[in-house]
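Notes follow once the structure below has been shown.
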Amino acid sequence: MNLFNLIADIEKADPEVSERFNFYSRRNLLKFGSNLLAAGIPTVVAGSLNQAFAQTTSAPSQAAIDTANFALTLEYLEDEFYRTGLATAGLVPASDLAVINQISKHETAHVNLLKTTLGAAAIAKPTFKFPAGTFSTYATFLATARALEDTGVQAYKGQVGTLVNDKLILQTALQIHSVEARHASEVRRMMGMKGWVSDPTQTTFTQAGVSLKTLPNVTGITDDNFRGAFDEPLTKQQVMAIAASFL
């Protein structure tokens, strides 16, 4: 196998491999391939790549489909929330109208992306109800927006483990997750708050099953700093308990 055939096999196995490994250019990918050939392991590498990226062509699991529909439910909710707010006369001040309108467009795009990814497996939009007074004042509207956005960010984070073997749905979820995090930060700043979460009721700090407070060199780091530096993931059950008042 020559160098160019090896690179072709790599790119065929995963067209996004250059992005995945931060090679940024075909020139760097050539350098990578040269190193592999020098090591005398092109056949092993090609076989490993085909095995590692096999999930790119496999059908998503039912658990992944359920998770994507769970995300779609949240996006349906946020989409309707912002649409309703914008349609309520005099609710959003002119100074914030452009931002809220843009967030609303993002939520609509998120719904469309998830529906496209799921295809025939996508659930229909549920009927939502909003607590009394949600759209009575702009302060209440923003407070609700903050709660929805913060919950959404933690909800996506909590489902990554379920999607780890389903590349297409995982990629879709991560595309949306980062934008939801920006929404949450922007809404918080519009309310005069910090852009990151600092919930004083949060007293546990666990990521991937590891207590952050047990890590080395964390002496002197306050609980408030832990809260701001790491979002806690939420389980599907926790999220649905929060969203129950809207369903």
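Observations, loosely collected:
- Amide H contacts under 5 Å for Q207, placed H, 5+ residues apart: L212
- For peptides 218-230, 164-176, sequence by mean Cβ density within 10 Å, most packed first: 164-176, 218-230
- Structure note, pairs K125/K236; K115/K194; K129/K167: Cα-Cα distances above 23 angstrom occur for K115/K194; K129/K167.
- In terms of its C-alpha gyration tensor, segment 142-247 has an oblate overall shape, because the principal axis ratio a/c (a ≥ b ≥ c, square roots of the eigenvalues) is not below 1.5 and a/b does not outweigh b/c.
- With a cut-off of 12 Å between beta carbons, the residues surrounding G85 carry a summed charge of -4, where Lys and Arg count +1 and Asp and Glu -1.
- Under 12 Å, Cβ to Cβ, from I123 - net charge with Lys/Arg +1 and Asp/Glu -1: 0
- Residue-normalised accessible area of segment 88-199, expressed per residue, 1.4 Å probe, Å²: 49 Å²
- Net charge of neighbours whose Cβ lies under 14 Å from the Cβ of V99, counting Lys and Arg as +1 and Asp and Glu as -1: +1
The values are calculated or read from the model by the stated rules, or taken from the named source; none is laboratory data. On a predicted model such as this, the values are computed, not experimentally measured, just so you know. Neighbour counts are summed over all protein chains in view; Cβ atoms, including those assigned to glycine, are modelled from backbone coordinates with ideal geometry. Only protein heavy atoms, including side chains, enter the accessible area calculation; ligands, DNA and RNA are left aside. Shrake-Rupley method; radii C 1.70, N 1.55, O 1.52, S 1.80 Å.
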